[in-house]
Every structure is written in C-alpha cells, then in structure tokens.
Amino acid sequence: QVQLVESGGGLVQDGGSLRLSCAASGSIFSIIAMGWYRQAPGKQRELVAHIKTDGNTNYADSVKGRFTISRDNAENTVYLQMNNLKAKDTAIYYCTAARFDYDYWGQGTQVTVST
C-alpha cells in the first residue's frame, strides 16, 4: 500500500503561482513513477505531468513552459511548481503513484485561478 497526501492548493489570481506537494509513504519502493492529474468541472481527468524514478519527465502540452514537476527522493515527495496560472488551470489536482500493476491516488487538492 502507498499513501499519498497532497497540499498546496488554493486560490490565486491570473498570472500567479502555486506549488503543490505530494508526500508518499508506505510501500514506496514499488513506485516507478509519480505524477499529477487534474479534473475540471464537467471534464475528464487529464495528465498534467509525471516523473519517473530515473528523473525523466513528461508534460501536457497545455502546461509546458509554465509547470515544473520535481521530486525529492530523500523526502519521498513530488512537487508541481505552477507559474503563470490561467483560469483554464482551475481544477482539482490529484497526485498519483504508479506501480507496475496498480496506480495509487491522493485525495485531490483544489486549485482555483481567478480572473
């Protein structure tokens, strides 16, 4: 089992920044990648960014150049630095940790960008 605890969401003005954190605990040795998804009202959940254990990253086109995913292996924490936020980024953001056979999800954190 892997437990994920997210923090850092909130309300920010258009053009502002937020940093999300996701702390993993439990059977973390089995994790091969961690990432962030988001789900806006009335829309499907979509990948924002993920990072593998070797450090390779992948981003959705909509956030490239504005968001940065990173991880602190010593703290078992993954971060999502979000800059130049737009109203279209408003969503619930979910942290995920992937094993070969199963994905774990956090409870989600709300990000709201006001115009």
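Observations, loosely collected:
- Here the range 70-115 and the range 29-51 have alpha carbon centers that stand 7 Å from each other.
- Heavy-atom accessible surface of the range 3-61: percent carbon and sulfur, 1.4 Å: 48
- Label-to-label distance, residue 73 versus residue 112, with points set 7 angstrom from Cα along the beta-carbon direction: 3.9 nm.
- Protein heavy-atom accessible surface, 1.4 Å probe, per residue over the chain: 54 Å².
- Largest GNM mean-square fluctuation across 85, 11, 47, computed for the chain with C-alpha springs under 10 Å, falls on 11.
- Compactness check for the chain: Cα Rg over 2.2 N^0.38 Å is 1.00.
- Burial ranking of peptide ranges 51-57, 73-79 (average Cβ count within 10 Å, highest at the top): 73-79, 51-57
The values are calculated or read from the model by the stated rules, or taken from the named source; none is laboratory data. From a predicted model like this one, the values you see are computed outputs, not experimental measurements. Note that we place each Cβ from the backbone using ideal geometry, even for glycine, and neighbour counts take in every protein chain shown. To get the accessible areas, we keep the full protein, side chains included, count just its heavy atoms, and leave off ligands, DNA and RNA. Shrake-Rupley method; radii C 1.70, N 1.55, O 1.52, S 1.80 Å.
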